[in-house]
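Asker: Please read through the structure below; I'll follow up with questions.
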Amino acid sequence: MPETVADDTTTALQAAFPSVTLRESLDLPAVTVPVDEVIAVLQWLQEERGYDFLVDITAVDWAENTSPRFTLVWHLYSTTRHTYIRVAADCADDAAPVAPTATGLWPAADWHERETFDLMGIKFEGHPDLRRILMWEGYPHHPLRKEFPLAGIETELPDIEVAEETAAKVIAAPMMGGPFVASSKGEMNLTDAEPRAKDESWNEKLPKPE
């Protein structure tokens, strides 16, 4: 990326929003924005600098004893200038992190924000349908937070059939078509031993290979 393009955008952005600060970055121009100004900054980048494509929204959990604990990150791309920019905003409340929704600027923010809410527990105020997108409703944990163990946490499943198959305790969420079962224990043929869904009706209408 030409440095002049990055410098031009960040300089103009800081002139328009004095609270914006440059953020150390090895790959993209990056800025830190107060969370209560982030929508205004994102809109300015979209309208004034042509950052019309929302690449993703994610978050960082710095750890329980760090404040601010959570930092939200938006990656934007300009399809006319062919440049990226990273926008970061710290959540003010470590216990109940919140941020404004960007769905009014990019409809694609819907699923990005739902994923961040699901896995990190950050709520997006004004989101039209903020519910979990990977884990089931009522799941009591946020799997990408630092305190969540790598091996997972045994949790009762809400689905009766799956719960019965697994003695009511599993570590991971059920997948589409599950529960999944291997053909037999100790099977040496890896193709035959690959777990198969007990219910594969969801793919019965898929075209069969020639």
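Asker: With every atom except the alpha carbons ignored, what do you get for Rg and Dmax of the stretch 3-125, in angstroms?
Answerer: 13.8, 42
Asker: Could you line up PHE17, PHE124 from fewest to most neighbouring Cβ atoms inside 10 Å?
Answerer: On the way: PHE17 17, PHE124 22.
Arranged by neighbour count, lowest to highest, PHE17, PHE124 become PHE17, PHE124.
Asker: When a footprinting reagent is the concern and you count Cβ atoms within 10 Å, what order do HIS82, HIS75 take, fewest first?
Answerer: On the way: HIS82 11, HIS75 18.
The most exposed by this proxy come first: HIS82, HIS75.
Asker: How far, in nm, would the chain grow between ASP36 and SER67 when pulled straight, counting 0.36 nm per residue and subtracting the alpha carbon separation?
Answerer: That pair, ASP36 and SER67, stretches by 9.4 nm at full extension.
Asker: How far, in nm, would the chain grow between ILE153 and TYR77 when pulled straight, counting 0.36 nm per residue and subtracting the alpha carbon separation? Please list the in-between numbers first.
Answerer: Numbers: separation 76, 0.36 × 76 = 27.36 nm, distance 3.71 nm.
Taking 0.36 nm per residue and subtracting the Cα distance, the gain is 23.7 nm.
Asker: How do THR10, THR21 rank when sorted from fewest to most other Cβ atoms within 10 Å of their own Cβ?
Answerer: Neighbour counts put them in this order, fewest first: THR21, THR10.
Asker: Taking R0 as 25 Å, what FRET efficiency do you get between VAL60 and GLN14 from their Cβ-Cβ distance, rounded to the nearest 0.05? Don't skip to the end; give the middle numbers.
Answerer: Values: r = 23 Å, r/R0 = 0.91.
About 0.65, to the nearest 0.05.
Asker: Let me ask something else. So between ASP27 and ASP94, what do we pick up on full extension, going 0.36 nm a residue minus the alpha carbon distance?
Answerer: Values: separation 67, 0.36 × 67 = 24.12 nm, distance 2.80 nm.
This chain segment gains 21.3 nm when fully extended.
Values in this text are rule-based calculations from the coordinates and carry no lab data. Worth saying up front: this structure is predicted, and the values here are computed from it rather than measured. When we count neighbours, we look across all protein chains shown, and the Cβ atoms used for this are built from the backbone with ideal geometry, even at glycine.
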